[in-house]
1. Scan the range 72-89 and give yes if some residue there is in contact with a Gly (Cβ under 8 Å, 6 or more places away or on another chain), crowded, with 21+ Cβ neighbours inside 10 Å and at pLDDT 85 or above, otherwise no.
2. If Leu113 satisfies every condition in (1) open to solvent by 50 Å² or more (accessible area, probe 1.4 Å); (2) farther than 17 Å from Thr15 by Cα; (3) in contact (Cβ under 8 Å) with a residue 24 or more places away in the chain; (4) not β-branched (Val, Ile, Thr) but one, which is the exception?
3. Hey, any hits in the range 33-46 for a residue that's exposed (fewer than 14 other Cβ atoms within 10 Å of the Cβ), farther than 28 Å from Lys5 by Cβ and more than 15 Å from the chain's Cα centre (by Cα)?
4. Is it fair to say Val170 is open to solvent by 20 Å² or more (accessible area, probe 1.4 Å) and at pLDDT below 70?
5. Look through Leu108, Leu97 and report the one residue that is open to solvent by less than 40 Å² (accessible area, probe 1.4 Å), within 17 Å of Thr58 (Cα to Cα), at pLDDT below 80 and assigned to a strand (DSSP E or B).
6. From the list Thr11, Thr6, Thr65, which residue is out of contact with any strand residue (DSSP E or B) (no Cβ under 6 Å at 6 or more places or on another chain), in a loop (DSSP other than H, G, I, E, B) and touching a residue at least 24 places away in the same chain (Cβ under 8 Å)?
7. Just the residues that are open to solvent by less than 100 Å² (accessible area, probe 1.4 Å) and β-branched (Val, Ile, Thr), please, taken from the range 1-16.
8. Within the range 76-88, can one find any residue that is under 14 Å from the mean Cα position of the chain (by Cα) and part of a loop (DSSP other than H, G, I, E, B)?
Amino acid sequence: GKVFKTLRKHTGSVTDITLSADGLKLYSSSADKSIRSWNLENFLTEELPNVTHSRRITGIALQPTTSSIYSISEDKSIGIWNANTFHKRTSPSSPLLFSTVSQNEEWLAATSLAGDAKLWRIKAGNDLKFYSYPNHVADKNAIAFSSDNQIFAFISKENKIEFHSLPVEVQEDPKFLG
């Protein structure tokens, strides 16, 4: 179809977008280290306050029932933004690239530049448990959850698709700072 609206406010390239569950808001992340909220009824926008990533934001994911927004960055951190409060946690890995939240909103998954798959079990109060699958992922944008939230999958470096059951049976990574 024909373009009917173009949104411009970021000063760097847009790296990711996600829609709210009700379809009334769009969130965008950018190389300018910001996250913007776009009202899709009138196309007005605002920058989310207090986002403190030191390098470009590479991905965002939304937890619809709590309105939490998770951002991942080349600064090796995950950001949790909720009700004008931003919390930043550092991951002991290379820069994070792509993220998604499971449909039951219990899991956040991300991939890293080093080819790691990362899983965070999302809990109340920004308490995240971290699990890692080092040196497994071949495609930075290829990680997904099943609709029943029992399986997550990613494209591995061995030219295959790996399926893992949830909850994960891997050891919690003690290097996660948070």
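The values are calculated or read from the model by the stated rules, or taken from the named source; none is laboratory data. Since the model is a prediction, treat every value here as computed from it, not as a measurement. Cβ coordinates were reconstructed from backbone atoms using ideal geometry, including for glycine residues, and neighbour counts include every protein chain displayed. Accessible surface is based on the protein model in full, side chains and every heavy atom, while ligands, DNA and RNA are left aside. Shrake-Rupley method; radii C 1.70, N 1.55, O 1.52, S 1.80 Å.
1. yes
2. Going through the list (1) open to solvent by 50 Å² or more (accessible area, probe 1.4 Å); (2) farther than 17 Å from Thr15 by Cα; (3) in contact (Cβ under 8 Å) with a residue 24 or more places away in the chain; (4) not β-branched (Val, Ile, Thr), Leu113 breaks only (2).
3. The answer is no; no qualifying residue exists.
4. yes
5. Leu97
6. Thr65
7. Thr6, Val14, Thr15
8. The answer is yes, given that some residue of the range 76-88 is under 14 Å from the mean Cα position of the chain (by Cα) and part of a loop (DSSP other than H, G, I, E, B).
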